[in-house]
1. Determine which single condition G401 fails, assuming it passes every other condition in (1) in contact with a strand residue (DSSP E or B) (Cβ under 6 Å, 6 or more places away or on another chain); (2) more than 15 Å from V468 (Cβ to Cβ); (3) at pLDDT 90 or above.
2. Just checking, which of L461, L484, L442 is hydrophobic (A, V, I, L, M, F, W, C), modelled with pLDDT under 85 and surrounded by 16 or more Cβ atoms within 10 Å (Cβ to Cβ)?
3. Evaluate the following for R204: is it among the charged types (D, E, K, R) and either closer than 30 Å to R314 by Cα or at pLDDT 75 or above (or both)?
4. Filtering the stretch 343-377 down to residues that are outside any loop (DSSP other than H, G, I, E, B) and acidic (D, E), which residue is farthest from the chain's Cα centre (by Cα)?
5. Take the residues in the stretch 142-191 that are at pLDDT 80 or above and β-branched (V, I, T); name whichever of them is surrounded by the fewest Cβ atoms within 10 Å (Cβ to Cβ).
6. Take the residues of the stretch 93-141 that are of a type in the set (S, T, N, Q) and closer than 22 Å to T45 by Cα: which is surrounded by the most Cβ atoms within 10 Å (Cβ to Cβ)?
Amino acid sequence: MLNSLYSKIAAGLSVLFLVVGLIFLGVTVFATDMYQQEVNQKLNTGLARQIVKERILMEGGRVNQEALRDIFHMLMVINPGIEIYLLDVGGNILTFSAPGGSVKRSKVSLAPVKQWLDGTLTPPVLGDDPKNPTGKKVFSAAHIERNGILEGYLYVILGGEEYDSVAQKLKGSYILRLSAWMIGAGLLFALAAGLVLFGLLTGRLKKLAAVMAAFEGGSAGADVYLPGPQGPPDEIDRLGTTFREMAARIKAQVAELKASDQMRRELVANVSHDLRTPLATLQGYIETLLIKDNQYSGEERRHYLDIAIRHCRRLNTLVSELLELARLESARMDLSLEIFDPRELIQDICQKFTLAAEQKEIELVQEFEGGVPFVEADIALIERALENLIENALNYTPVKGRVGITVSLETEVVIRISDTGPGIPEKELPHIFNRFYQSDSLGKKTGGHTGLGLAITAKILQLHGRQVQVESRPGSGSCFSFSLPPWQRPQ
């Protein structure tokens with residue numbers, strides 16, 4: 001039954017109001033009773049003293065029965081709720097105005113009587129009720145003295161049996177019932193108002209819970225709608241905002257997982273294709289040599305072995321670049337930052353490609369702007385990225401073409417690698433950094449390449465927080481560029 005937050009709050013609030021109402025009603029009745037006793041005692045403070053003053057109640061240690069009968073008769077007429085007891089100096093009851101057989105005590109404790117007479121206590125002061133062995137009631141008391149000698153005490157109970165019966169009637173009176181009904185109505189109104197208020201507060205929680213349940217049920221691809229805060233945001237609004245952000249991140253991660261899965265499928269397909277071709281060729285030539293070894297001359301066997309070696313090298317390059325790309329994409333890949341001169345690094349790299357450029361009669365040009373500062377990066381990874389870009393430019397540049405490497409200082413140190421090749425169609429520019437992607441218009445001219453070089457370069461610069469920019473138009477060559485942060489000398 002209590003399966004929702006609102007029902008639990010409503011049940012708890014109802015129990016709380018019930019307990020508070022009972023406590024409040026009990027406190028009210030108790031306080032009213034104590035107030036009546038206090039008023040009664042204060043109004044009759046001097047009653048016993050006045051009686052003793054007006055009449056001689058004891059003479060020579062003996063009770064004046066005639067005087068007591070007159071007093072009993074007078075008080076029964078004036079106030080039937082009063083009971084009078086005559087005590088000796090030890091508190092023993094000598095005589096009383098109550099009916100015979102109704103008195104259950106033979107002695108009254110004098111401690112509260114003496115404190116009352118000394119004025120050390122404030123009303124209501126309770127003393128022993130002679131008619132009840134354990135009961136206490138308000139009283140009035142006075143010394144009975146003769147010639148300065150204490151002969152006893154006049155002990156007046158202000159709320160006798162008659163008073164108790166009247167008090168019971170008052171407790172069942174219309175006023176008390178009306179008061180109880182008003183208290184109950186007030187508590188019920190407060191309870192209803194509290195339930196309405198909690199209903200308004202938990203309504204947003206219900207909406208949030210419903211959205212969360214729908215999201216949990218598989219609507220990760222659907223939009224998560226929650227109304228925004230109408231005023232200053234509270235905890236529920238912040239919870240809704242946090243859930244919206246979390247849901248957005250989850251949807252983005254789901255999209256990334258789908259893209260990664262699609263990329264993995266494409267990667268497996270491409271790797272399978274790229275590995276199958278050289279492996280099949282290698283296997284074919286080796287099997288041919290094994291079957292017809294005696295039928296081929298030494299020159300033919302060498303030709304077949306050269307082809308096999310070339311495919312072995314291609315396989316080795318493909319596997320090495322796959323491992324390198326996997327290492328770069330690993331979460332544990334850390335950069336080893338160093339401070340170096342980019343111009344010196346480019347000069348060293350160009351020396352590796354001088355022979356390849358000369359064989360294709362390609363002019364390899366280096367242009368360095370003056371005042372270029374040192375940079376801070378992983379020199380080994382930047383070297384690998386530059387080698388990929390320069391090798392790519394040489395592969396696509398025709399004979400007697402030109403490949404230029406420039407270094408300039410702009411906002412950062414910018415390195416550009418340009419060529420005079422055929423260029424890249426605009427529709428293919430967004431895809432050239434994908435794994436195994438080769439231009440349809442240029443793929444046949446660049447046989448033997450894996451299509452991983454630009455993907456590795458893009459990943460290296462991504463690890464440095466940078467991107468490779470490319471500008472190209474068919475027939476006008478291409479220009480790849482990236483920037484590195486200049487090294488700031490510590491002050």
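1. (1) is the only condition that G401 fails.
2. Of L461, L484, L442, the one residue that is hydrophobic (A, V, I, L, M, F, W, C), modelled with pLDDT under 85 and surrounded by 16 or more Cβ atoms within 10 Å (Cβ to Cβ) is L442.
3. no
4. Among those residues, the one meeting the criterion is E358.
5. I149
6. Among those that are of a type in the set (S, T, N, Q) and closer than 22 Å to T45 by Cα, it is S140.
The values are calculated or read from the model by the stated rules, or taken from the named source; none is laboratory data. None of these values were measured; they are calculated from a predicted model. Backbone-built Cβ (ideal geometry, glycine too); neighbour counts: all protein chains shown.
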